[in-house]
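One structure below.
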Amino acid sequence: MHLEVKTIKGRRYFYAAQTGRVDGKPRRIKQIYLGTLEDLVAAKGREGKPSSIRTHRFGAVAALWALSEELGIREEIDRHCAASGPGASIGTYLVLAAINRSIEVRSKRGFAEWYQGTSLPRLAGVPSQAVTSQDFWTAMDRFPVEKAAQPILTALVKKVLPEVGQPEVIPFDATNFFTFIASDNGRPKLPQRGHSKAKRHDLRQVGWALAAAAETQMPLFSHVYAGNQVDVVTFKEAWPQLLQVLHELNLHQATLVFDKGNMSKKNLELADQSKFSYVTSLAPHFFPDLMAVPLSQLSPPSEDDEHLHGFRLQRVERMIWGRERVVVQSWSPNLAKGQEVGVSQHLSKAERKLSDLQASLKRRQQTGYRGRKVSKEAIEKTVRAILRAQHLSQLLKVTISEEEGHLQLSYTLDESHLQHLRDYLFGRRIWVTDHRDWSAEQIVYAGHQQSDCENCFRDLHGEDPVAWTPMWHWTDQKVRVHAFYMVLSLLLTRLLLFRAHKAGDTRGLKAIIADLHAIDECLLVYPAAGTHGQGRPRLVKVLSDRSPQQLQLLQLSGADRLAPSA
């Protein structure tokens, strides 16, 4: 390329020109107008000084968008939808919702404002005018969630498993999430009052069951159910669907893990009939003979396993509900310490309340209170409420007596029972399995992988990233769709986390998302080159400075290919 000068009406104008041969003849291939000499001098003086800089959040949204495109999530969703969304495809809206939930939760009304501040309009090709709350709600209503949600998840997992590997252990668990749906709104049937795991018993809640791959926490199966349904019923309802999904994923050799809350005689029979191996747990009171074994008679792990450091184990076989099964009793020092601390806290709280009640009754006697007499039954009812927490009624011995026509209360701590709990209960768990070829260590380790599902729930119950709550939806359809894009959020973030850990970045998900979210796409606006501001301003898009870890995350997700070119 060379510089050319043209003189027009006495003024000289400069051009950058490129020439070459076309069909053997010299031709001008490219010509760029540079301006007059004064323009070039003025532009040189302004070099490196943009008139304005605009920034958009790039890193986290680009990483998750790149992963979603790699898996073909939009296409997979749209393949199951007969109708499209109002401004974009239904798959696009649900992917955008999943990305938002993975980074910085916004309601559908507040989504557009967040969306404009990111690079998603450029990446998704959807203008901010097309991401209103009504656009989302229309798309959610048109998505055939009950028929399509699990088949879509199964198809996506099939694409992921070759990379992350087939899981040997699959934990299954259930939780619930409170809603803000009014009590007098009788249309939705999923939100019901039940035992709230978030302690929000004043609100209606929705139940959610999840099966995930151990270690990677990759979601495999999802099931939404009414919030007043107990775990035993949920297990019976979800079990056949879960088995079908595992067959489709060709995970026949996996061992399923589920906790004692799902257990009943009929449910254990379902597990036996499934031909899948399992590890579960049962309440200690089913095995009084094992709980009576002194801790000194339990054996340490046969191998120096960091995961089971300090444990004591006992492996036996027992007839349980008509079948011989392998039973392992484990004692964990950390569990024992935690349980004792929990009981001590409840004990201190109960003693304070009993002391206040005792002082109140004494004041009545000392002041000669002649008002309405407190009945013994009322005090007994108050005491029962104070001792409601586990073990308190055995640890605190309360006596109610009458002196000079006034009721009095006294209490003592049963130290011998507290020591009995330390020796024969705290720290102990009972594991049940059909794995006759597994050692006690293998059984306990598999049982502990239940925590991989619990870790997913911990994220979902927390704040960003991957937050289920707050959920601003009021119909069963939208609640189910919300659950679906939360599964997509889990899938995308767990895949990102897997790749980061494999590459040596051992940080948690929150730190990785925050690190990515700090990468901005910057639009530098340079003034027009002309002396008097003629022509168009020059626009340059670049990314903000990136650390080596940020560069690696962009590469691992494929977001580096989405970076703007200057």
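Before moving on, here are some points about what is shown:
- From Pro162, Pro151, residue being under 21 Å from Glu70 (Cβ atoms), without any contact (Cβ under 8 Å) to a residue 60 or more places away in the chain, assigned to a helix (DSSP H, G or I) and not hydroxyl-bearing (Ser, Thr, Tyr): Pro162
- Candidates are the residues of segment 79-123 that are of a type in the set (A, V, I, L, M), closer than 26 Å to Pro564 by Cα and assigned to a loop (DSSP other than H, G, I, E, B); the one that is nearest to the chain's Cα centre (by Cα) is Val105.
- So Val206, is it crowded, with 21+ Cβ neighbours inside 10 Å, outside any helix (DSSP H, G or I), β-branched (Val, Ile, Thr) and out of contact with any Cys (no Cβ under 7 Å at 6 or more places or on another chain): yes
- Residue count, segment 425-462 (criterion: in a helix (DSSP H, G or I), among the aromatic types (Phe, Trp, Tyr) and within 30 Å of Leu392 (Cβ to Cβ)): 1
- Each residue in segment 386-433 was checked for being within 40 Å of the chain's Cα centre (by Cα) and acidic (Asp, Glu), and 1 of them qualify.
- Any hit, segment 273-286, residues being crowded, with 18+ Cβ neighbours inside 10 Å, free of Cβ contacts under 8 Å to residues at least 40 places away in the same chain and not charged (D, E, K, R): yes
- Some residue of segment 480-491 being crowded, with 17+ Cβ neighbours inside 10 Å and charged (D, E, K, R): yes
- Single residue of Ile170, Ile181, Ile152 found to be farther than 18 Å from Thr216 by Cβ, within 23 Å of the chain's Cα centre (by Cα), among the β-branched types (Val, Ile, Thr) and modelled with pLDDT of 95 or more: Ile152
- Residue under evaluation Gly338, criteria (1) small (Gly, Ala, Ser); (2) part of a helix (DSSP H, G or I); (3) farther than 30 Å from Ala446 by Cβ; (4) at pLDDT 90 or above, criterion not met: (3)
- Filter result for the condition that a residue is under 22 Å from Phe221 (Cα atoms), at pLDDT 95 or above, touching a Leu at 6+ places or on another chain (Cβ under 7 Å) and assigned to a helix (DSSP H, G or I), over Leu495, Leu490, Leu516: Leu495
- When Arg422, Arg364, Arg388 are screened for being in a helix (DSSP H, G or I) and either closer than 30 Å to Pro284 by Cα or of a type in the set (Asp, Glu) (or both), only Arg422 passes.
- Among the residues of segment 116-148, those that are in contact with a strand residue (DSSP E or B) (Cβ under 7 Å, 6 or more places away or on another chain) and surrounded by 20 or more Cβ atoms within 10 Å (Cβ to Cβ) comprise Thr118, Ser119.
- Close contacts from segment 105-122, counting a first residue that is among the charged types (D, E, K, R) and a second that is assigned to a helix (DSSP H, G or I) and surrounded by fewer than 16 Cβ atoms within 10 Å (Cβ to Cβ), with Cβ to Cβ under 6 Å and a gap of 6+ residues or different chains, come to Lys108/Ser133; Arg109/Ser133.
- Residues in segment 270-288 that are part of a helix (DSSP H, G or I) and in contact with a strand residue (DSSP E or B) (Cβ under 9 Å, 6 or more places away or on another chain): Ala271, Asp272, Pro284, Phe286.
- The number of residues in segment 53-76 being buried (at least 24 other Cβ atoms within 10 Å of the Cβ) and assigned to a strand (DSSP E or B) comes to 0.
- Filter result (surrounded by 12 or more Cβ atoms within 10 Å (Cβ to Cβ) and among the basic types (Lys, Arg)) within segment 308-361: Arg312, Arg315, Arg318, Arg325, Lys337, Lys349, Lys353
- Residue pairs whose Cβ atoms lie under 6 Å apart, sitting 6 or more positions apart in sequence or on different chains, and linking a residue in segment 90-103 that is in contact (Cβ under 8 Å) with a residue 40 or more places away in the chain and within 12 Å of Met140 (Cα to Cα) to a partner that is part of a helix (DSSP H, G or I) and of a type in the set (Phe, Trp, Tyr), are Tyr93/Phe136; Leu94/Tyr485; Ala97/Tyr485.
- Lone unmet requirement of (1) exposed (fewer than 14 other Cβ atoms within 10 Å of the Cβ); (2) assigned to a helix (DSSP H, G or I); (3) touching a residue at least 60 places away in the same chain (Cβ under 8 Å) for Pro240: (3)
The values are calculated or read from the model by the stated rules, or taken from the named source; none is laboratory data. Here the structure is a predicted model, which is why all the values come from computation and not from measurement. Methodologically, a virtual Cβ is constructed for each residue, glycine included, from the backbone with ideal geometry; neighbour enumeration extends over all protein chains shown.
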